[in-house]
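The values are calculated or read from the model by the stated rules, or taken from the named source; none is laboratory data. These numbers were taken from a predicted model, which means no experiment stands behind them. FYI the Cβ positions are ideal-geometry reconstructions off the backbone, even for glycines, and counts take in every protein chain you see.
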Amino acid sequence: MNNPSRTSNMFIATLDILGITQMMCEAKNNELDDIASNLREVLTSVSNRMKSVVADATTKVKIKDKEVLDEILNTIRFNIFSDTVVIGYDMDHAPENYEKIAASYFMAQVRFTAHDLFEKGYPSRGCIDFGPVHWEDDLVIGNPYANSYKVSESLDFSGVVITEEAFKVYDEHYRATTIKFSGTYFKPLPVPLKTGGFREMINVNWIKPTRYTTLASQFENSKDLRQLLYEKFAANGKTMTESALRKMANTENVIRAFIMQNKTIMRQKENNGK
């Protein structure tokens, strides 16, 4: 008897952790344990942040909804395979009438992961895609997974982009809850590529200030943003190669664009409140 198909339409994000492959190659046993411990702390911190999101949400919704929100949170796939973080959510099996919340929770998980990796000194580059994926235990296959990994590898900066296909699904099909986020969490920008040149892509604003994150205020209030970025890129004993320095400079340009975006949003909120 054949097993039922586990292929579903999923949001998939892959985040390639920059510089960690060299660290793993050069690491001794105890140093490899330290890397694993640091990454485990990221998994834990992201999990705790998401639990805080659900806890805050349940104060604004009916008590009976808490179980549904917990179900969504518990069914977001979240794994680290060597130098790559993979995050996924099966939209075909999202709780009925909660698809919009499920999509926004997936995006929050991606943003928190990029944020916490960077905060720990593990800058990453990632991509979000959407489509049919077969994810069963440790087996993950499907074009969205392959494409998100391919796009991530092509980027020459630390950040997260979302494909036009995935953004269309997120923005149009879940517009009822996300329209207010479209200009807040996403920004089209020309992004630098490893092959040279730039490509216009939709960037995910992973440094947008929230009550759960801290990097936005550090970046905005830093008197020397480049030095702060250098410390993150060079953290955990990573070698600052020419490639790493180039990625750092490219990252600074994108972060400055996000800082301007955040300030514009804050001014709009202040004006709307008058």
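The test for being in contact with a strand residue (DSSP E or B) (Cβ under 8 Å, 6 or more places away or on another chain) and either acidic (Asp, Glu) or at pLDDT below 90 (or both) does not hold for residue 74.
Taking each residue of the range 242-260 that is at pLDDT 90 or above and part of a helix (DSSP H, G or I) and looking for partners that are crowded, with 20+ Cβ neighbours inside 10 Å and among the hydroxyl-bearing types (Ser, Thr, Tyr) with beta-carbon atoms closer than 6 Å, six or more apart or interchain, yields 251/158. Do the conditions hold for residue 114, that is, is it small (Gly, Ala, Ser), over 19 Å from residue 138 (Cα atoms) and modelled with pLDDT under 90? So residue 114 does not fit the description; no.
If you go through the range 187-209 and keep only what is in contact with a helix residue (DSSP H, G or I) (Cβ under 8 Å, 6 or more places away or on another chain), of a type outside the set (A, V, I, L, M, F, W, C) and assigned to a loop (DSSP other than H, G, I, E, B), you end up with 194, 195, 205, 208, 209. Within the range 233-260, the set of residues being of a type in the set (Phe, Trp, Tyr) and under 15 Å from residue 118 (Cα atoms) comprises 233 only.
Just so you know, in the range 210-239 the residues that are of a type in the set (Lys, Arg) and not in a helix (DSSP H, G or I) include one that is surrounded by the most Cβ atoms within 10 Å (Cβ to Cβ), and it is 238. The set of residues in the range 17-30 that are without any contact (Cβ under 8 Å) to a residue 60 or more places away in the chain and surrounded by 13 or more Cβ atoms within 10 Å (Cβ to Cβ) comprises 24, 27.
Of all residues in the range 205-232, those that are modelled with pLDDT of 85 or more and among the basic types (Lys, Arg) total 2.
Just checking, does the range 41-53 include any residue being at pLDDT 85 or above, in a loop (DSSP other than H, G, I, E, B) and touching a helix residue (DSSP H, G or I) at 6+ places or on another chain (Cβ under 7 Å)? Checked the range 41-53: no residue is at pLDDT 85 or above, in a loop (DSSP other than H, G, I, E, B) and touching a helix residue (DSSP H, G or I) at 6+ places or on another chain (Cβ under 7 Å).
Among the residues of the range 150-167, which ones are outside any helix (DSSP H, G or I) and aliphatic (A, V, I, L, M)? Selection gives 155, 160, 161, 162.
Evaluating residue 263 against the criteria (1) of a type outside the set (Val, Ile, Thr); (2) in contact with a helix residue (DSSP H, G or I) (Cβ under 6 Å, 6 or more places away or on another chain); (3) at pLDDT below 85 leaves one unmet condition, (2).
From the residues in the range 132-149 that are assigned to a helix (DSSP H, G or I) and touching a residue at least 12 places away in the same chain (Cβ under 8 Å), which one is surrounded by the fewest Cβ atoms within 10 Å (Cβ to Cβ)? Of everything passing the filter in the range 132-149, 143 is surrounded by the fewest Cβ atoms within 10 Å (Cβ to Cβ).
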